[in-house]
Each structure stands twice: as C-alpha cells, then as structure tokens.
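Asks: A single structure is presented below for examination.
Derivation of every value follows stated rules applied to the coordinates shown; laboratory data play no part. Just so we're clear, the structure is a prediction, and the values are computed from it rather than from any experiment. Reconstructed Cβ throughout: ideal geometry from the backbone, glycine too, with neighbour counts over all protein chains shown.
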Amino acid sequence: MKEFKYTIKAADGIHARPAGVLVNTALKYTCEIIMKANGKEASVKKLFALMKLGVKQNDEITVLFNGSDETEAYDEITRNIGENY
C-alpha cells in the first residue's frame, strides 16, 4: 500500500473539471485508490463521491493506493494532483 499526503493549494479546491480528469486517470488502474479529507473518504474512481468530500484550499488530503498496479497509479495520480491542485 502506498500513501500520499498533500495540502491543496488551488483557490477553488477540488472542483468538477479537474476532478473529472483525476477520475479518468484513476480509472486506468485496477488498484483501489481512496482519498481521505475532512474526516470522510471516497473512491477517486467516482466523481460524485470525490466531490462530496468538499475539499477546499488549504485542506490536507491523503490518497491511498492498494493493488497490483499501485506504483504506476501513485506516480501518475500524485503528478496530476501536484500539477492541478
């Protein structure tokens, strides 16, 4: 299992358009990818669940990766988050 912690820098937090890109990226992988924020957690593969986390600027998120392709997923998802949030 891999884990990534990140503090959101984007003024809009995690909003629909970049979250959609994040979901589409996550769907390429078979491993489980879970985001935790604000005492809640959601699959990064489900847009509405991800949006319900209500992640805003300066919130800390934790993303967990578990499965056979977790290393590849970790590399791409963490790069995506760093570039967009």
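Asks: Pull up segment 34-85, narrow it to residues that are assigned to a loop (DSSP other than H, G, I, E, B) and charged (D, E, K, R), then point me to the one that is surrounded by the most Cβ atoms within 10 Å (Cβ to Cβ).
Replies: In the first step, residues of segment 34-85 are kept if they are assigned to a loop (DSSP other than H, G, I, E, B); the result is 38-39, 44-46, 52-59, 67-69, 85.
Now drop any that are not charged (D, E, K, R), which leaves 45-46, 52, 56, 59, 69.
Working: Lys45: 18, Lys46: 13, Lys52: 12, Lys56: 15, Asp59: 16, Asp69: 12.
Among them, the one singled out is Lys45.
Asks: What pairs come out if I take residues in segment 1-24 that are in contact (Cβ under 8 Å) with a residue 12 or more places away in the chain and under 17 Å from Ala49 (Cβ atoms) and pair them with residues that are of a type outside the set (A, V, I, L, M, F, W, C) and assigned to a helix (DSSP H, G or I) whose C-beta lies under 8 Å away, six or more apart or interchain?
Replies: Pro18/Asn84; Val21/Asn80; Val21/Asn84; Leu22/Asn80; Leu22/Asn84
Asks: While we're looking at this one, here's another question. So which residues in segment 1-33 are assigned to a loop (DSSP other than H, G, I, E, B), among the β-branched types (Val, Ile, Thr) and farther than 17 Å from Asn66 by Cβ? First the steps, then the outcome.
Replies: Step one: filter segment 1-33 for residues assigned to a loop (DSSP other than H, G, I, E, B), giving 1, 8-15, 27-31.
Still in the running and among the β-branched types (Val, Ile, Thr): 8, 14, 30.
Matches in segment 1-33: Ile8, Ile14.
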